[in-house]
Every structure is written in C-alpha cells, then in structure tokens.
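Novice: The following block contains the structure, expressed as structure tokens.
The values are calculated or read from the model by the stated rules, or taken from the named source; none is laboratory data. In this text, all values refer to a predicted model and were calculated from it rather than measured experimentally. Here the Cβ positions follow ideal geometry from the backbone for every residue, glycine too, while neighbour counts run over all protein chains shown.
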Amino acid sequence: MAKNKKQGYSLVSQHVWFSVTILGLLAVILGSIANFGCRTVSIPQYRQGSTGGILRGGSLDSGPFSYRSNQIVFVNNNGTPTNTSEFAFDTCRYYSLLDNFGHEWDQDSLTTAIRVFASIAVLFGTVGLGGVFLVPCFGTSVFLWNCYGIFFLLTSIFQGLCLTITSSTLCTNNPILQILADSSRTSAIRDSFVNECEVYAGYKCGVVATVFWILAGLLTLMFPAPEKWQDDWCSHPPQETDDDHSIVDPPEERSR
C-alpha cells in the first residue's frame, strides 16, 4: 500500500512538473513576442477616398522598444498620394535609432517603466523556468519549490504591467507621430492617424503569457515539490533489454 501510494505521488509530481514546464516555456515565448516585438499595439490610419468617403489606410505598429509601418499611405497637404516614404519601415526598428538621426521626441515615465517591466518579466521567467527544468536531475527542497511559485507569480505581475502600454505615449502620442507632426512636409501624414491605438497580436500574446505565469505559479504552490527522478534520466540513457525484459550488459561487459 505504501509503495503504491509513493508511486502515485511520484506520478502526480511528474505531471505537475511537466505542466509547469510547458506553461512556463509557452509564457516565455509569448511574453518575448509581446515585450520585444513591434506588433503589440497598432495606431490605424484613415484617409479620404476619391468619392469623399473615409478609407482605412495602413497602421503604425509598436511594441515597448520598437516600431514598424504597415502599408502606410503617404499624403501631401492636399490629400493626394505622394511618394514621400522616408518614415516607412516594414521591419521592426528600435526607437533608440531615432536619436541617431537627430530627431527629438518625448516619452512619459510609463513608457520607461514598461520597458523595465518587460525586461524583468522575461528575465525572471527564464531564470525560474531554468530552475524548474533541472528539478528532475537534482531534486529540490520545499522552500525552493515554493520560491519558484512566488517567482512565477511575480513574473505574471510584471508581465501584466506591460499591458498598460495602451496608456503610454507609445499609444497616445507615439514618437513617430511626434516627428511627423513637427515637419510641415509630413504634418498631413500625422493628421491621417487617429489619436488612440488598438491592441494587436503582441498584446494578446502578453495577456496569454500573464495567465500562463499565474497558472504555473499556482500549480507550483499548490502541489508538493517533485522528488529527484529515480531513473536519473539526466545523466544515464535508457539501457537495452532483451525479450524477457532483463537488462542487457554492454558488449564489452559480456566479453569479459
């Protein structure tokens, strides 16, 4: 009875370890997309059509650190298309590169905080996930296992705070739009963008990553710490067996 109970406990602990590891891995990937990609939020562009109606143009997509243009329609002050496209970049570009071109732009303290939170979330999550991944190899104490759970919950808080990007200047007064507005040649382009942003794919990834970190933290705190796996799979590969399931010695051992 005691042996069966121990085997059942070991099986549950292994399932918990698998669940926490998978949730953490997915959360790191999705969080990295949200925090370091350039498609977290999107500022849509509208323009007047030839028949007088309002048409949807492209969009300015942004993340905490970078941005990109998405099929932006460049117009002059008369509202007709122009070939001016020096601000069009279909690939992600860091906001810090704007300083190299002599552009002046402002950012609020929330934007700075979001960038810090984004870095901490990925760092904390990666470190915690690395520790959990090594548990089958080296085992862990109850205290350390609970620390992993708290670590994951803290990561979920930092990841969740990154979702406040919709209230930062990256949405309300994006640096690219600031630069466009400062030039008489490009002010019409700035006026074609709305003054609010929409959530994009990266934002949704951030929401899912936050939920996954919460689940990983709760699983870690609710279930006991897994023991070191008896087969020690980290250092010893499975041995070959013959038909009667007995372990077969390596050839060099049988020749002695």
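Novice: Does at least one position in the stretch 80-91 carry a residue that is under 30 Å from Val122 (Cβ atoms), surrounded by 11 or more Cβ atoms within 10 Å (Cβ to Cβ) and modelled with pLDDT of 80 or more?
Specialist: Within the stretch 80-91 (the criterion being under 30 Å from Val122 (Cβ atoms), surrounded by 11 or more Cβ atoms within 10 Å (Cβ to Cβ) and modelled with pLDDT of 80 or more), the answer is no, since none of the residues qualifies.
Novice: Please name all residue pairs, on different chains or six or more residues apart, with Cβ atoms under 9 Å, provided the first residue is in the stretch 12-29 and is under 13 Å from Val208 (Cβ atoms) and the second residue is of a type in the set (D, E, K, R) and not in a helix (DSSP H, G or I).
Specialist: Matching pairs, first to second residue: none at all.
Novice: Name the residue that is farthest from Glu227 (Cα to Cα), counting only residues in the stretch 138-157 that are part of a helix (DSSP H, G or I) and small (Gly, Ala, Ser). First the steps, then the outcome.
Specialist: Step one: filter the stretch 138-157 for residues part of a helix (DSSP H, G or I), giving 138, 142-157.
Then drop every residue that is not small (Gly, Ala, Ser), which leaves 149, 156.
On the way: Gly149: 16, Ser156: 26 Å.
The selected residue is Ser156.
Novice: Counting just the residues of the stretch 147-169 that are out of contact with any strand residue (DSSP E or B) (no Cβ under 8 Å at 6 or more places or on another chain), among the β-branched types (Val, Ile, Thr) and surrounded by fewer than 22 Cβ atoms within 10 Å (Cβ to Cβ), which one comes out farthest from Leu110 (Cα to Cα)? Working first, answer last.
Specialist: Narrowing the stretch 147-169 to residues out of contact with any strand residue (DSSP E or B) (no Cβ under 8 Å at 6 or more places or on another chain): 147-164, 167-169.
Now restrict to residues that are among the β-branched types (Val, Ile, Thr): 150, 155, 157, 164, 169.
Filter once more, so that each one left must be surrounded by fewer than 22 Cβ atoms within 10 Å (Cβ to Cβ): 150, 157, 164, 169.
On the way: Ile150: 25, Ile157: 15, Thr164: 8, Thr169: 8 Å.
Step by step, filter the stretch 147-169, then rank; the result is Ile150.
Novice: Let me ask something else. Only one residue in Gly128, Gly149, Gly160, Gly139 is in contact (Cβ under 8 Å) with a residue 24 or more places away in the chain, at positive phi and among the small types (Gly, Ala, Ser). Which one?
Specialist: Values: Gly128 fails: at positive phi; Gly149 fails: at positive phi; Gly160 fails: at positive phi.
Checking each option against the conditions leaves just Gly139.
Novice: Further, regarding this structure: One residue is enough: does the stretch 223-243 have a residue meeting the conditions outside any loop (DSSP other than H, G, I, E, B) and modelled with pLDDT of 85 or more? Lay out the reasoning, then the answer.
Specialist: Keep residues of the stretch 223-243 that are outside any loop (DSSP other than H, G, I, E, B), which gives 241.
Okay, now just the ones that are also modelled with pLDDT of 85 or more, so none.
Looking for residues that are outside any loop (DSSP other than H, G, I, E, B) and modelled with pLDDT of 85 or more, one finds none in the stretch 223-243, hence no.
Novice: From the list Ser96, Ser62, pick out the single residue that is surrounded by fewer than 18 Cβ atoms within 10 Å (Cβ to Cβ), closer than 22 Å to Thr172 by Cβ and either modelled with pLDDT of 65 or more or touching a Cys at 6+ places or on another chain (Cβ under 7 Å) (or both). Can you show your working first?
Specialist: Details: Ser62 fails: surrounded by fewer than 18 Cβ atoms within 10 Å (Cβ to Cβ).
Of the residues listed, the single one that is surrounded by fewer than 18 Cβ atoms within 10 Å (Cβ to Cβ), closer than 22 Å to Thr172 by Cβ and either modelled with pLDDT of 65 or more or touching a Cys at 6+ places or on another chain (Cβ under 7 Å) (or both) is Ser96.
Novice: Moving on. Would you confirm, using the coordinates I've provided, whether Thr186 is of a type in the set (S, T, N, Q) and in contact (Cβ under 8 Å) with a residue 40 or more places away in the chain? Give the steps one after another, and end with the answer.
Specialist: Numbers: of a type in the set (S, T, N, Q): yes; in contact (Cβ under 8 Å) with a residue 40 or more places away in the chain: yes.
Here the answer is yes, as Thr186 does meet what is asked.
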